[in-house]
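The block underneath contains the structure these notes are about, expressed in structure tokens.
The values are calculated or read from the model by the stated rules, or taken from the named source; none is laboratory data. Small disclaimer: the values here were computed from a predicted structure and weren't measured. Here the Cβ positions follow ideal geometry from the backbone for every residue, glycine too, while neighbour counts run over all protein chains shown. Ligands, DNA and RNA are excluded from the accessible area calculation, which covers all protein heavy atoms including side chains. Shrake-Rupley method; radii C 1.70, N 1.55, O 1.52, S 1.80 Å.
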Amino acid sequence: MPAQANTPPASSDPIAVDTLVVGAGFGGMYAVHKMREMGLTVMGVEAGGDVGGVWYWNRYPGARCDLMCVDYSFGFSDDIQQEWTWSEQFAAQPEILAYANFVADRLALRPLFQFNTRVTKASWDATRQRWIAQTDRGQQIEATYCIMATGPLSVPKDPEFPGLADFKGELLRAAKWPHDPVSFQGKRVGLIGTGSSGIQIVPVVAQEAGALHVFQRTPSFTMPMRNSALDADYVAELKRHYPAIRAVARASQLGGVRPVTSRPFFSITPDQRQRVMEDAWARGGLDFLGMFSDLLTNPEANEHVAEFVRGKIGETVTDPVVAEKLKPRGYPIFARRPCLDTGYYESYNLPHVHLHDCLEHPIERVTENGVLTSAGEVELDMLILATGYDGLSGALMAFEVEGRDGQTVRTKWVGGARSYLGLMMAGFPNMFMVCGPNGPAALANIITLDEQNVNWICDLIAHMRSTGIATVEPRPEAEDSWMETVFSLAQLTLVSKANTWYTGTNVDGKPRGLIMYTGGFFRYNEACTAVAQSGYPTLKFGKAMVAVG
Ligand code: N01
């Protein structure tokens, strides 16, 4: 194990470990735990000040997981799931962060991490068969294996508004929210962005602000979360049945416990369909996704459900002009990430909440005093940017990652992110990704996926070590074939039919394309397992050129 690395001294002595793990989100936490369990030396490096990943940074008001905590929690340790008690069906950010801290304490993970440190470069030394990483503290870390647990949503999209630096008020970013409390009391607050983050921010800020101005470009579909406190009996039942619940999650399409059906939309009468949708709306949560089997493949079925939700917006928002502007059109429902809210549409019935339609009146610039749209200037004391992320591929292109023969991830991914199983890349020996592009990534419950990915990587490393193999990377033809699978599955789903971070269209210059595996978590897991069970025929193994440490 490396020196206790929480408070790092800058040092010119290289740190040598078996495994470098980049990132202390749930994926990175599980990776360092497993590496240590395997008897390997491991060092985790994290830019944030502590564990938690996205939940460490995203402290914006209303931040909450839109997956139920029964899904969005580790299943690998029965001790942990018995000892930790969730208070709500959908946990808020402070509780999720407390959970991450609990797990870190429980498993003594912190000594394995160095926080407040960013890896600035990682390159493969082919002669020594090791990854050499540099940090912004001037350290060099040398590792046989490198696990990038850098997260699909860790690089906020660059704000493209001219004049941002001129703004004299408070400027806040949802993705990097301050740790100190922020007061909105009586302030004129502007919010740009109405994706999952913006939709969670609106109802909370609306309660306190003097005025809230929401700048909406593309309206999102959002459904009621209908969150609830968990009572003691429910929690006891949950804990009793955790093993079965986890087994169901691992065998499911999304890696979580969700209603599923094989019933296509048009297989029942219009009255029955209406009842099914009303029931799902009344139950709340992501039940909508499990109502009909063809919501993501049949555009006509999808449009009926979209129209149902537009009807609900019309019923909720009292001003018909505002309601009309909030109704999403022109893309399939669920093609953008489905949002869950608590009182989002209702907020627009408050007299001090104002919707600015940026499709009709685009933002021209940020000014000293606020935001200028083509309809005029809106004066603000505070501006919140909830404008999203350079998702999936952004984190590994944000610094230099150089594989074999000088090839970098930036050059390899110039036409779009390529990988094998979302786990490895041809040309990047002994490098593994957790929740990487071309796996199920954001289309699955990320903690279930983190566990599956890390387990697969550990099994592979164990296989290598027991058979004297020093290096591994996917065969190029295996990567090509996996990419073909990812692309052809993407053609079958409506998820590829919207402009979103899913398809890369939210970032200027990013190649367009759905770089997520849409075949479902279970089939993905089956594909990964088959590779391992057949002795990894799709991987290219190399013998040691030097003794491996
Ligand atoms: O980001 P987004 P997010 N002018 O990309 C707008 C996860 N998440 O942070 O669509 C005007 O969804 C943009 O408009 P448009 C979840 O996976 C999970 O909200 O580009 N507007 C859009 O409205 C989610 O999918 C939870 O037209 C501009 C918004 O900004 C992912 O994070 C909670 C603009 C960005 O929406 C990202 O969500 C929160 C411009 N120039 C997030 N640029 C959970 O509950 C961007 N926008 C688990």
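Select from segment 144-160 the residues that are β-branched (Val, Ile, Thr) and in a loop (DSSP other than H, G, I, E, B) and list them in ascending order.
Thr150, Val155
Could you list, in sequence order, all residues of segment 170-223 that are of a type in the set (S, T, N, Q) and under 18 Å from Pro94 (Cα atoms)?
Within segment 170-223, Ser183, Ser196, Ser197, Gln200 qualify.
Considering only segment 252-274, state which residues are β-branched (Val, Ile, Thr) and within 17 Å of Gly75 (Cα to Cα).
Passing the criteria: only Val257.
Of (1) over 24 Å from the mean Cα position of the chain (by Cα); (2) assigned to a helix (DSSP H, G or I); (3) in contact (Cβ under 8 Å) with a residue 12 or more places away in the chain, Glu307 satisfies all except one. Which?
Going through the list (1) over 24 Å from the mean Cα position of the chain (by Cα); (2) assigned to a helix (DSSP H, G or I); (3) in contact (Cβ under 8 Å) with a residue 12 or more places away in the chain, Glu307 breaks only (3).
Quick check on my filter: what residues within segment 313-353 are small (Gly, Ala, Ser) and either touching a strand residue (DSSP E or B) at 6+ places or on another chain (Cβ under 9 Å) or within 16 Å of the ligand (Cβ to nearest atom) (or both)?
Hits for segment 313-353 are Gly330, Ala335, Gly343, Ser347.
Counting just the residues of segment 209-219 that are closer than 16 Å to Tyr344 by Cβ and in contact with a strand residue (DSSP E or B) (Cβ under 7 Å, 6 or more places away or on another chain), which one comes out farthest from the ligand (Cβ to nearest atom)?
Top of the filtered list is Ala209.
Just to be sure, is Cys458 assigned by TED's automatic domain parsing to the domain that holds Arg418, closer than 20 Å to Leu20 by Cα and within 16 Å of the ligand (Cβ to nearest atom)?
Here the answer is no, as Cys458 does not meet what is asked.
Just wondering, is there one or more residues in segment 272-288 that are open to solvent by 20 Å² or more (accessible area, probe 1.4 Å) and part of a loop (DSSP other than H, G, I, E, B)?
Checked against the condition, which is being open to solvent by 20 Å² or more (accessible area, probe 1.4 Å) and part of a loop (DSSP other than H, G, I, E, B), segment 272-288 yields no hits at all.
Let's see how each residue does on (1) in contact (Cβ under 8 Å) with a residue 40 or more places away in the chain; (2) surrounded by 14 or more Cβ atoms within 10 Å (Cβ to Cβ):
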{"position": "Arg465", "(1), (2)": "no, yes"}
{"position": "Glu479", "(1), (2)": "yes, yes"}
{"position": "Glu484", "(1), (2)": "no, no"}
{"position": "Ser488", "(1), (2)": "no, no"}
{"position": "Thr500", "(1), (2)": "yes, yes"}
{"position": "Gly509", "(1), (2)": "no, no"}
{"position": "Thr518", "(1), (2)": "yes, yes"}
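Tally the residues that are within 27 Å of the chain's Cα centre (by Cα) and either over 14 Å from Tyr145 (Cβ atoms) or open to solvent by less than 10 Å² (accessible area, probe 1.4 Å) (or both), restricting the search to segment 12-33.
Within segment 12-33, residues that are within 27 Å of the chain's Cα centre (by Cα) and either over 14 Å from Tyr145 (Cβ atoms) or open to solvent by less than 10 Å² (accessible area, probe 1.4 Å) (or both) number 14.
Open to solvent by less than 10 Å² (accessible area, probe 1.4 Å) and either within 24 Å of Met29 (Cβ to Cβ) or touching a helix residue (DSSP H, G or I) at 6+ places or on another chain (Cβ under 9 Å) (or both): is that true of Leu109 in this structure?
yes
Evaluate the following for Arg365: is it open to solvent by 30 Å² or more (accessible area, probe 1.4 Å), within 15 Å of the ligand (Cβ to nearest atom) and either basic (Lys, Arg) or within 28 Å of Lys497 (Cα to Cα) (or both)?
Considered against the rule, which asks whether it is open to solvent by 30 Å² or more (accessible area, probe 1.4 Å), within 15 Å of the ligand (Cβ to nearest atom) and either basic (Lys, Arg) or within 28 Å of Lys497 (Cα to Cα) (or both), Arg365 comes out as yes.
Scan segment 491-543 residue by residue and report those that are assigned to a helix (DSSP H, G or I) and modelled with pLDDT under 95.
Gln491, Leu494, Val495, Ser496, Lys497
Let's see how each residue does on (1) surrounded by fewer than 20 Cβ atoms within 10 Å (Cβ to Cβ); (2) without any contact (Cβ under 8 Å) to a residue 40 or more places away in the chain; (3) in the same structural domain as Ala122 (by TED's automatic domain parsing); (4) part of a loop (DSSP other than H, G, I, E, B):
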| position | (1), (2), (3), (4) |
| --- | --- |
| Leu40 | no, no, yes, yes |
| Met43 | no, no, yes, no |
| Ala47 | yes, no, yes, yes |
| Trp55 | no, no, yes, no |
| Leu67 | no, no, yes, yes |
| Phe74 | no, no, yes, yes |
| Phe90 | no, no, yes, yes |
| Tyr99 | no, yes, yes, no |
| Val103 | no, no, yes, no |
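Hey, among the residues in segment 378-404 that are away from the ligand (no atom under 16 Å from the Cβ) and farther than 22 Å from Thr135 by Cα, which one's farthest from the chain's Cα centre (by Cα)?
Among residues in segment 378-404 that are away from the ligand (no atom under 16 Å from the Cβ) and farther than 22 Å from Thr135 by Cα, the one farthest from the chain's Cα centre (by Cα) is Glu379.
Being of a type in the set (S, T, N, Q), within 26 Å of Met148 (Cβ to Cβ) and modelled with pLDDT of 95 or more narrows it down to one residue among Ser77, Ser87; which is it?
Step by step, each of Ser77, Ser87 is checked, and only Ser77 is of a type in the set (S, T, N, Q), within 26 Å of Met148 (Cβ to Cβ) and modelled with pLDDT of 95 or more.
Identify all residues within segment 234-253 that are closer than 28 Å to Val305 by Cβ and either open to solvent by 50 Å² or more (accessible area, probe 1.4 Å) or in the same structural domain as Ala444 (by TED's automatic domain parsing) (or both); write none if there are none.
Val248, Arg250, Ala251, Gln253
Would you check if Thr448 is open to solvent by 10 Å² or more (accessible area, probe 1.4 Å), over 16 Å from Phe521 (Cβ atoms) and among the β-branched types (Val, Ile, Thr)?
No.
Looking at the structure I just gave you, is Glu402 modelled with pLDDT of 95 or more, assigned by TED's automatic domain parsing to the domain that holds Thr485 and more than 25 Å from Thr493 (Cα to Cα)?
yes
Can you work out which of the residues in segment 170-207 that are open to solvent by less than 30 Å² (accessible area, probe 1.4 Å) and in a loop (DSSP other than H, G, I, E, B) is farthest from the ligand (Cβ to nearest atom)?
Restricting to residues being open to solvent by less than 30 Å² (accessible area, probe 1.4 Å) and in a loop (DSSP other than H, G, I, E, B), the top hit is Phe184.
Can you confirm whether Gln82 is open to solvent by 20 Å² or more (accessible area, probe 1.4 Å) and not aliphatic (A, V, I, L, M)?
yes
Between a first residue in segment 186-211 that is among the acidic types (Asp, Glu) and a second residue that is surrounded by fewer than 24 Cβ atoms within 10 Å (Cβ to Cβ), which pairs have beta carbons less than 8 Å apart while being 6 or more apart in sequence or on different chains?
Cβ pairs passing all conditions: Glu208/Ser183; Glu208/Phe184; Glu208/Gln185.
Can you tell me which residue is farthest from Ala442 (Cα to Cα) among those in segment 394-417 that are surrounded by fewer than 23 Cβ atoms within 10 Å (Cβ to Cβ), in contact with a Phe, Trp or Tyr (Cβ under 9 Å, 6 or more places away or on another chain) and not acidic (Asp, Glu)?
Arg404
Any residue at all in segment 120-143 that's over 24 Å from Val409 (Cβ atoms), away from the ligand (no atom under 13 Å from the Cβ) and either assigned to a loop (DSSP other than H, G, I, E, B) or open to solvent by less than 20 Å² (accessible area, probe 1.4 Å) (or both)?
No, because not a single residue in segment 120-143 is over 24 Å from Val409 (Cβ atoms), away from the ligand (no atom under 13 Å from the Cβ) and either assigned to a loop (DSSP other than H, G, I, E, B) or open to solvent by less than 20 Å² (accessible area, probe 1.4 Å) (or both).
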